[in-house]
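These notes are about the structure you will find just below.
The values are calculated or read from the model by the stated rules, or taken from the named source; none is laboratory data. All of these numbers come straight from a predicted model, not from anything done at the bench. No Cβ is skipped: glycine too gets one built from the backbone with ideal geometry, and neighbour counts run over all protein chains shown. SASA here: full protein model, heavy atoms, side chains in, ligands and nucleic acids out. Shrake-Rupley method; radii C 1.70, N 1.55, O 1.52, S 1.80 Å.
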Amino acid sequence: MSDTAQRPRRINSLSELYHFLSIPLVATFTLNKRYIHPDYNLSRLKRFRLVFKLWRNTRRIETGTSYKAQAAIAAKLLEIPKSTSGVVVECGCWKGGSTANLSVICQLAGRNLIVYDSFDGLPDAEANDRYAKPEFRGAFKGPLEEVRNNVERFGCPEVVEYRQGWFNESLPSHSENIALICADVDFQSSLHDVVVNLWPHLNPEGYFFTDEYMLLDYCGLFWSESFWKKYFDCGPPGLVGSGSGVGVGQYYLGPFDWMVDPTSIAYTRKDYSGHWNFDK
């Protein structure tokens, strides 16, 4: 295992220092006690420890989202009462950095985490997928053993179950109620598979988080009246953070400048509505 997966890197830039110094603010405002359900009895110290662990893990294991985005996920999960059934599902885990942090959050929330991934990188490109290219096959590969080791070292492996396979083969068999979904899947075809197969299992007030918030056509899926009518006979739920991500102290000038800290997250909820129904 590499040194970067064993201990945090040194803080060596103003940007990294800024994110480190933001930990108390994230613990106070993102994990605002006013919105956390009383079931969890989270003191200020417990919230600080959680956010610090999320930050530390993102420096130990390479991840596609920031610890602030993962704190936002924690905040929404901890809104849900313990009496509401449902697992947390992660689709696309790369090297297991996000998985380790989600396992910590799930252990705190008393929920199991199911991880769907090929553990063999991105799939073959489908012809009508705008962003998939044949040369991307196998990109972002994180072998199951590497992911498992990272979670065992830095997360809570006792709450994690791994389900290996391509999404179009593994997701149709999902049966558990879901409290929250995290999708970081890169291709349009993969996002389609995740939504079509898992949305029916999401609780009425369950959350769906996606890392694919910067490209507006990906966001368009959550606003598409034709898609939601075809597959679910309902209006679209919309997407909070479309094009820019939710406000977690990151900054992003897009849609084409990829160099400016684009590591936020976007989300929707099963009972949200992004359907425009006003007319004159």
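Summary table
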quantity	calculated
In sequence order, calculated HN-Hα J values of the range 107-117 (Karplus, 6.51, -1.76, 1.60; Hz; x Gly/Pro)	4, 5, 7, x, 10, 8, 10, 9, 10, 9, 6
Residues residue 18 and residue 39, FRET efficiency given R0 of 35 Å [Cβ-Cβ distance, rounded to 0.05]	0.60
Helical mean residue ellipticity (222 nm; -39500 (n - 2.57) per DSSP H run of 4+; nearest 500) of the chain	-9000 deg cm²/dmol
Highest average packing first - 87-95, 145-153, 120-128, 105-113, Cβ atoms within 10 Å	87-95, 105-113, 145-153, 120-128
Neighbour net charge for residue 182 - beta-carbon separation under 10 angstrom, K R +1, D E -1	-3
In sequence order, calculated HN-Hα J values of the range 75-85 (Karplus, 6.51, -1.76, 1.60; Hz; x Gly/Pro)	4, 6, 5, 7, 6, 7, x, 4, 6, 7, 6
Relative contact order of the chain, defined on C-alpha pairs under 8 angstrom at six or more residues apart (%)	16
Environment charge at residue 164 (Cβ cut-off 14 Å; Lys +1, Arg +1, Asp -1, Glu -1)	-4
Structure-derived Cα Rg over 2.2 N^0.38 Å - corresponding label in (i) 1.04; (ii) 0.96; (iii) 1.11	(ii)
Protein accessible area in the range 43-168, 1.4 Å probe - carbon and sulfur %	47
For the chain: accessible area per residue (Å², 1.4 Å)	49
By average C-beta atoms within 10 angstrom, highest first, the peptides 75-84, 239-248, 15-24, 34-43	239-248, 75-84, 15-24, 34-43
Contact order normalised by residue count of the range 1-140, Cα under 8 Å, 6+ apart, percent	21
